[in-house]
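Chemist: Quick one: this structure, given as structure tokens, is what I'll be asking you about.
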């Protein structure tokens, strides 16, 4: 089973030649080139979601549980129905009042949420949770509290889980340690394969010029095992689909 997390960069005229309207077809090409069975996107505005819903052939957005709000940038799950069967879904905000729409706390610059659902591979009986989130880029406390909420929620469920998203923090940070340390159900797929962190990042300046850290993660619980991890640098003549490199993981399980 193949999983991708992909920060699409929201639609804004401030991006000039890198606006969504100039990148959207390249986003489709990137996804089709790697064909993830489950796709976790971040910063997806409603117009972007509408475009992907109609144009991303072979994929279905997992949004029947969602209260659509045109002011939101959503983490959004897409699945490939030829491979994946969806179950029930839910989402909540990373705040002191998680059921309150667009709620935020701890100095978060934007309302942040986690969206998730139950899925299974079409020829397998094992159901699992797939979750998608985007932690705050400004407030370290908001990231830490959001990570704590997510960890506790899925630990309580006690089911096989894949957690993907843009965590806006580096490996080894307090947020990262909280999510993958002793007592957490999660492990970092990149680290499980003992890949080096030296010079590794999932951020760039739209033109492939790398900076920062590996902030886009896929975390897993047992019984999932990692076969391969790839930071996708797909581009066409130096044009990239976003200012994040997608992160791709191949998984297996019994």
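Taken together, the values in this text are just the output of simple stated rules run on the coordinates, not laboratory data. The model shown is predicted, which means the values in this text are computed figures rather than measured ones. Virtual Cβ from ideal backbone geometry, glycine too; neighbours counted across all protein chains shown.
Chemist: Seen from all sides and averaged, what is the projected area of the convex hull of the Cα atoms in the chain, in nm²?
Modeler: Orientation-averaged projected area of the Cα hull: 12.7 nm².
Chemist: Hey, fewest Cβ within 10 Å first, where do 23, 2 land in order?
Modeler: Fewest to most other Cβ atoms nearby, the residues stand as 2, 23.
Chemist: Distance from the Cα centre of region 81-119 to that of region 233-253, in angstrom?
Modeler: Spelled out, the Cα-based centre of one part sits 24 Å from the other.
Chemist: Further question on the same structure: With n ≥ 4 as the cut-off for DSSP H runs, can you work out [θ] at 222 nm for the chain, using -39500 (n - 2.57) per run divided by the number of residues, rounded to the nearest 500?
Modeler: -6500 deg cm²/dmol
Chemist: Could you work out how much longer the chain between residue 34 and residue 210 gets when fully extended? Use 0.36 nm per residue separation minus the Cα distance between them, nm to one decimal.
Modeler: 61.2 nm
Chemist: So if each residue of separation counts as 0.36 nm, and I subtract the Cα-Cα distance between residue 177 and residue 192, what length gain in nm does that give?
Modeler: My answer for the length gained is 4.0 nm.
Chemist: Extending each Cα 7 Å along its Cβ direction at residue 127 and residue 159, get the distance between those two points in nm, one decimal.
Modeler: Roughly 0.5 nm, to one decimal.
Chemist: Further, regarding this structure: Students often get this wrong: which residues of region 10-34 have the backbone nitrogen under 20 Å from the point 7 angstrom along Cα-to-C-beta of residue 69?
Modeler: Residues 10-12 fall inside that zone.
Chemist: Within 10 Å, count the other beta carbons around each residue, average over each peptide in 162-168, 117-123, 33-39, 244-250, and list them highest first.
Modeler: Ranked from most to least packed, the peptides come out as 162-168, 244-250, 33-39, 117-123.
Chemist: Right, something else. Sort 243, 216, 254 by Cβ crowding within 10 Å, fewest neighbours at the top.
Modeler: Least to most surrounded, the residues fall as 254, 243, 216.
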